[in-house]
1. Name every residue in segment B:280-290 that is assigned to a helix (DSSP H, G or I) and open to solvent by less than 50 Å² (accessible area, probe 1.4 Å), in order of residue number.
2. Please enumerate the residues belonging to segment B:186-196 that are open to solvent by 20 Å² or more (accessible area, probe 1.4 Å) and over 20 Å from B:Gly174 (Cα atoms).
3. For segment A:94-113, what are the residues that are within 16 Å of ligand 1 (Cβ to nearest atom) and open to solvent by 20 Å² or more (accessible area, probe 1.4 Å)?
4. If you check B:Gly66 against the conditions, is it under 22 Å from B:Ser249 (Cβ atoms), among the small types (Gly, Ala, Ser) and assigned to a loop (DSSP other than H, G, I, E, B)?
5. Hey, does segment A:121-141 have a residue that's facing chain B (nearest Cβ under 10 Å), touching a residue at least 40 places away in the same chain (Cβ under 8 Å) and not in a helix (DSSP H, G or I)?
6. Restricting attention to segment A:65-83, which residues are open to solvent by less than 70 Å² (accessible area, probe 1.4 Å) and within 16 Å of ligand 1 (Cβ to nearest atom)?
7. Out of the residues in segment A:166-183 meeting the condition of being within 10 Å of another protein chain (Cβ to nearest Cβ) and of a type in the set (A, V, I, L, M), tell me which one is farthest from ligand 2 (Cβ to nearest atom).
8. Go through segment B:1-29 and report how many residues are assigned to a loop (DSSP other than H, G, I, E, B) and open to solvent by less than 60 Å² (accessible area, probe 1.4 Å).
Amino acid sequence: MSAATAAQDHPRGAVAVSVEDVSRVFGGSGGAVTALDQVDLTVAAGEFVSLIGPSGCGKSTLLRLVADLDRPTSGSISVFGRTPEQARLAHDYGIAFQQAGLLPWRTVRANVELPLALHGVGKGGRRERAGHLLDLVGLADFGDHFPDQLSGGMQQRVAIARAIAEEPSLLLMDEPFGALDEMTRERLQVELVRLCAQTRAAVVFVTHSIPEAVFLSDRVVVMSARPGRIQEVVDIGLGRGTEREEGLREDTSYFESVTRVREALHGGSGAGATVRGAELR
Amino acid sequence: MRRRLADLGLGVAALLGVAATWELYKLLGPEQGWSVREVRVLPRTTDLAMPHVWEMLGRLPEPLTGAPGAVPLWVAVLQASGFSLAVALVSWVLGVVVGFCFAVGMQRFALVEAAVLPLVVLSQTVPLIALAPLVKGWGGRVEIGGFAWQGWMSVAVIASYLAFFPVAVGALRGLQSPDSIHRELMRAYGAGWWSTLVRLRLPASVPYVLPAIRLAGANAVVGTIVAEVSTGLPGGVGRMILEFANFASSDPAKPWAPLLGAVLLGLLVAGLVSLVGLPLGRYRRAEVTA
Ligand SMILES: Nc1ncnc2c1ncn2[C@@H]1O[C@H](COP(=O)(O)OP(=O)(O)OP(=O)(O)O)[C@@H](O)[C@H]1O
Ligand SMILES: [Mg+2]
């Protein structure tokens, strides 16, 4: 499955992810925890959607349900019109977590090639693709290094290259920049926006940072905790791809959006109260 | 290379240390040893009980027996050690393969782990001596076509019974070692059990398996010698230890020669097994944290 066909399969307006009335209850010894309560969300093909909210509001849980790493207690989820399991087995999505999760015994190049190798791409094709991807994330000279020879930010870039290796039409990312310093983080944000514009992938992106969510997203989904619910969906509308450059961070429309998301977050926990777990930078 | 040499130097120093301790005790220890009531807790230091190290070494070039044409003692010991080495290696391979199969089976099916792991642990409490006649008896009845059960096969089976244990336990831990992040990654790629085993679990198990197969090597040597003694198999170091014990009074340095052979055997097997780790360096890289 190449990028071009993937994007053509799902023209704009098509639905990438549809979450309907989904609840997830974890039954523990200390009583049941409702991580998600009747959540509805639709992500269009090619759309960048961020999930933000206080710690424990179910962002990761929602992402894991879409990725079929967990099953909902009730409600239904579809990914490009299929069940999450079918989508997973069809390699419809790429995924990246807060930790890079590279295999320490594989070189950087072999790590990027892993999903391709698992899905039967030939050796030549893998090499070529990995070379291209490493170029893209600025690690062309590090293909033969091992993960423990890279900095945290470089590892995370490898993980992102691995996530987009098969040019998936959906990217699921759970705080992929969470462990990085601010400078690396902003540079990777620009790279990610550019990559997504190129591959026209839909993205569901979990973050704790309001500026990050605003800079990256078409829409920001603000969630509230206990039980995890969608509180508000903020449309950002700052344009796509090349329109989002470093300069955007100093634009007034950007600040307005930051304020709107911040207010939406505050609204959920009572006026003026601090939002647990969310950075208000 | 430099580290290799340093390791070798340390090994030689350790051997010299053992010899020095031996001589020091012989020099300072009481002639009749030291007993608490009837039980002797420290050995006698007479030349009969504890010959000098140089006497043991000096005995090696002398002929095995007084009979004309007898080979030197060291040749006989080396021959016996070579025989035992072959048996120990066979039992090591057998133990590693069987142990690994157990580990993979236990990893695959939780039910198997729950059922088999306690038995595996329990199996090691059965003394080898009790097992030997059983295996020998079963083996004697095996005859398939042109294949006839040989005595050394019983020894190899008994020794592998000791060798498989650390491999089964170590490999199981190694196969179960990958973090949830890596397991979920494989799941997200739609990788089945087999690809997850090959791409993730096996490579991740290497740091656990290498020490396990080293232990298995030591167990194979001990198991081979003990099994040779208890099944009475001629040709190996075990039987030689038994035979030469009769010369304790007439030729006190002689019984120590096969012990030197056993030490040599252990060192050789340890060396051979550690060669297995050499091409696997990349799988021993420190787990990355970020
Ligand atoms: N495997 C699990 N078993 C039991 N409870 C769980 C499990 N996973 C999550 N939870 C609970 O579900 C709730 C939501 O967890 P989740 O990880 O989705 O939060 P989050 O929004 O990602 O938080 P954070 O921002 O801190 O990552 C929490 O209250 C958590 O305790
Ligand atoms: Mg989370």
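The values are calculated or read from the model by the stated rules, or taken from the named source; none is laboratory data. None of these values were measured; they are calculated from a predicted model. Note that each Cβ is placed from the backbone with ideal geometry, even for glycine, and that neighbours are counted across all protein chains shown. Protein only, heavy atoms only, side chains kept; ligands, DNA and RNA dropped before computing areas. Shrake-Rupley method; radii C 1.70, N 1.55, O 1.52, S 1.80 Å.
1. Applying the first criterion (assigned to a helix (DSSP H, G or I)) to segment B:280-290 yields B:280-284.
Residues satisfying the conditions are B:Leu280, B:Gly281.
2. B:Gly190, the sole residue that qualifies.
3. Listed by number, the residues that qualify are A:Phe97, A:Gln98, A:Gln99.
4. Values: under 22 Å from B:Ser249 (Cβ atoms): yes; among the small types (Gly, Ala, Ser): yes; assigned to a loop (DSSP other than H, G, I, E, B): yes.
Criteria met by B:Gly66.
5. Here is the first cut: in segment A:121-141, the residues facing chain B (nearest Cβ under 10 Å) are none.
Looking through segment A:121-141, none of the residues is facing chain B (nearest Cβ under 10 Å), touching a residue at least 40 places away in the same chain (Cβ under 8 Å) and not in a helix (DSSP H, G or I).
6. Passing the criteria: A:Leu65, A:Val66, A:Ala67, A:Asp68, A:Leu69, A:Asp70, A:Pro72, A:Ser74, A:Gly75, A:Ile77.
7. Narrowing segment A:166-183 to residues within 10 Å of another protein chain (Cβ to nearest Cβ): A:166, A:172, A:179-180.
Within this subset, residues satisfying the condition of being of a type in the set (A, V, I, L, M) are A:172, A:179-180.
Values: A:Leu172: 12, A:Ala179: 13, A:Leu180: 16 Å.
Among those that are within 10 Å of another protein chain (Cβ to nearest Cβ) and of a type in the set (A, V, I, L, M), it is A:Leu180.
8. Start the filter on segment B:1-29 by keeping residues that are assigned to a loop (DSSP other than H, G, I, E, B), which leaves B:1, B:29.
Right, trim to open to solvent by less than 60 Å² (accessible area, probe 1.4 Å) and you get B:29.
Qualifying residue count for the region: 1.
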